[in-house]
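Encoded as structure tokens, the structure appears first; notes follow it.
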Amino acid sequence: MDVRNKIVIITGASSGIGLATAKLLAKQGAKLTLVSRSKEKLVELSKEIPASFAIPADMTKSSDIKHMIEETKKHFGRIDILINNAGQGYDASIEKTNIDTIRYIFDLDVAGPLIAMQQVIPLMRNQGGGVIINISSGTALMHLPNMGVYAALKRALAIISLTAREELKKDHIAVSVVYPYMTLTDFDDNTIKDPIIETEGYEGGNRVPPDTAEYIAQKILEAIESGDSEVFAHDWMGKQ
Ligand SMILES: NC(=O)c1ccc[n+]([C@@H]2O[C@H](COP(=O)([O-])OP(=O)(O)OC[C@H]3O[C@@H](n4cnc5c(N)ncnc54)[C@H](OP(=O)(O)O)[C@@H]3O)[C@@H](O)[C@H]2O)c1
């Protein structure tokens, strides 16, 4: 889909990949609903981005997600593209993984995007189509020590997305998964950390230097424009 004049909801727009993507899509002529919990950051950002609309929402709360969709529909009259980007990491060995933290990360990284999809699907179907982009992670394709739960939840999001893609083909709704690799954002600082296992000599996650958020934003634009099912930060990631 060409993004010019399209109505886009982007979650996690206050920082990192979401912020870079919001700026890139605005430059390409899209009209944006900017979503995250930080109201002040969003209001400042919406002053910078013409025709944008800021909605503070906690993506672990279904009432906030429904409100974000309803307000966007009211404000712009339609929704063409949903980008489920808000997310948080969790580092812990399997032995020390905290079950309550799993539940929180599940709510944010899996249930939130799923609820947002469920809200936009009927709207997109009535409009004759749309695009949904879900941001997974390269870790979902690997077995990295201390990232088991985060990787499993990001893989769950990918499987949900690819299944929805098959289910929604007939409605002309293209669902795609983007897999960032290590990206220079606040992600690591924001990752919840419990005791980890020391892994001597293990280099599974350190193949190439980290990417910039702007580089991943280009990959997200590529996914929207191509409608490809899966877009990887690097080609080798799809050949794991
Ligand atoms: N950076 C990496 O190395 C990397 C690698 C693979 C995948 N990813 C994925 O890429 C996505 C973006 O991450 P990032 O690197 O840009 O991280 P980031 O800089 O920490 O940004 C995370 C964004 O999500 C928002 N957010 C967090 N919790 C939220 C909640 N409960 N409700 C609504 N918004 C929430 C944050 O805004 P507020 O705090 O204002 O709510 C922020 O805008 C995530 O899904 C992440 O899992 C990142």
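The values are calculated or read from the model by the stated rules, or taken from the named source; none is laboratory data. Note that the structure is a prediction, hence the values are computed from the model and not measured. Quick reminder, even Gly has a Cβ in these numbers, built from the backbone with ideal geometry, and neighbours come from all protein chains shown.
Would you call ILE159 part of a helix (DSSP H, G or I), under 16 Å from the mean Cα position of the chain (by Cα) and buried (at least 21 other Cβ atoms within 10 Å of the Cβ)? When the stated conditions are applied, ILE159 does not pass them.
ALA116 - would you say it is closer than 20 Å to SER161 by Cα, among the small types (Gly, Ala, Ser) and in contact with a Leu (Cβ under 9 Å, 6 or more places away or on another chain)? Considered against the rule, which asks whether it is closer than 20 Å to SER161 by Cα, among the small types (Gly, Ala, Ser) and in contact with a Leu (Cβ under 9 Å, 6 or more places away or on another chain), ALA116 comes out as yes. One residue stands out among those in the range 139-148 that are assigned to a helix (DSSP H, G or I) and without any contact (Cβ under 8 Å) to a residue 60 or more places away in the chain: the one that is nearest to the chain's Cα centre (by Cα), which is ALA140.
Which one of ASP194, ASP188 is of a type outside the set (Gly, Ala, Ser) and near the ligand (Cβ under 9 Å from one of its atoms)? Don't jump to the end; show me each part of the working.
Details: ASP194 fails: near the ligand (Cβ under 9 Å from one of its atoms).
Only one candidate passes the filter, namely ASP188.
Is it the case, given these coordinates, that GLN88 is at pLDDT 95 or above and away from the ligand (no atom under 14 Å from the Cβ)?
Numbers: at pLDDT 95 or above: yes; away from the ligand (no atom under 14 Å from the Cβ): no.
Here the answer is no, as GLN88 does not meet what is asked.
Could you list, in sequence order, all residues of the range 53-67 that are surrounded by fewer than 21 Cβ atoms within 10 Å (Cβ to Cβ) and either near the ligand (Cβ under 10 Å from one of its atoms) or within 22 Å of ILE135 (Cβ to Cβ) (or both)? Of everything in the range 53-67, those that are surrounded by fewer than 21 Cβ atoms within 10 Å (Cβ to Cβ) and either near the ligand (Cβ under 10 Å from one of its atoms) or within 22 Å of ILE135 (Cβ to Cβ) (or both) turn out to be PHE53, PRO56, ASP58, THR60, LYS61, SER62, ASP64, LYS66, HIS67.
Among the residues of the range 121-138, those identified as over 14 Å from the mean Cα position of the chain (by Cα) and either among the polar types (S, T, N, Q) or surrounded by 20 or more Cβ atoms within 10 Å (Cβ to Cβ) (or both) are MET124, ASN126, GLN127, GLY130.
Which of the residues spanning the range 154-168 are small (Gly, Ala, Ser) and within 13 Å of the ligand (Cβ to nearest atom)?
Restricting attention to the range 154-168, the residues satisfying the condition of being small (Gly, Ala, Ser) are 156, 158, 161, 164.
Residues satisfying the conditions are ALA156, ALA158, SER161.
Might you let me know whether the range 190-212 holds any residue that is acidic (Asp, Glu), part of a helix (DSSP H, G or I) and free of Cβ contacts under 8 Å to residues at least 24 places away in the same chain?
Initial filter on the range 190-212 (acidic (Asp, Glu)): 194, 198, 200, 203, 211.
Subset that is part of a helix (DSSP H, G or I): none.
No - not one qualifying residue is present in the range 190-212.
For the range 197-211, the count of residues that are within 24 Å of ALA13 (Cβ to Cβ) and not β-branched (Val, Ile, Thr) is at least one. Whenever a residue of the range 75-87 is farther than 11 Å from GLY130 by Cα, its partners that are acidic (Asp, Glu) and within 16 Å of the ligand (Cβ to nearest atom), lying with C-beta atoms within less than 8 angstrom and at least six residues away or across chains, give the pairs GLY87/ASP109. Restricting attention to the range 173-183, does a residue exist that is surrounded by 15 or more Cβ atoms within 10 Å (Cβ to Cβ), part of a helix (DSSP H, G or I) and not β-branched (Val, Ile, Thr)? No, the conditions are met nowhere in the range 173-183. Restricting the range 139-153 to residues that are buried (at least 20 other Cβ atoms within 10 Å of the Cβ) and farther than 19 Å from ALA223 by Cβ leaves a set whose member that is farthest from the ligand (Cβ to nearest atom) is ASN146.
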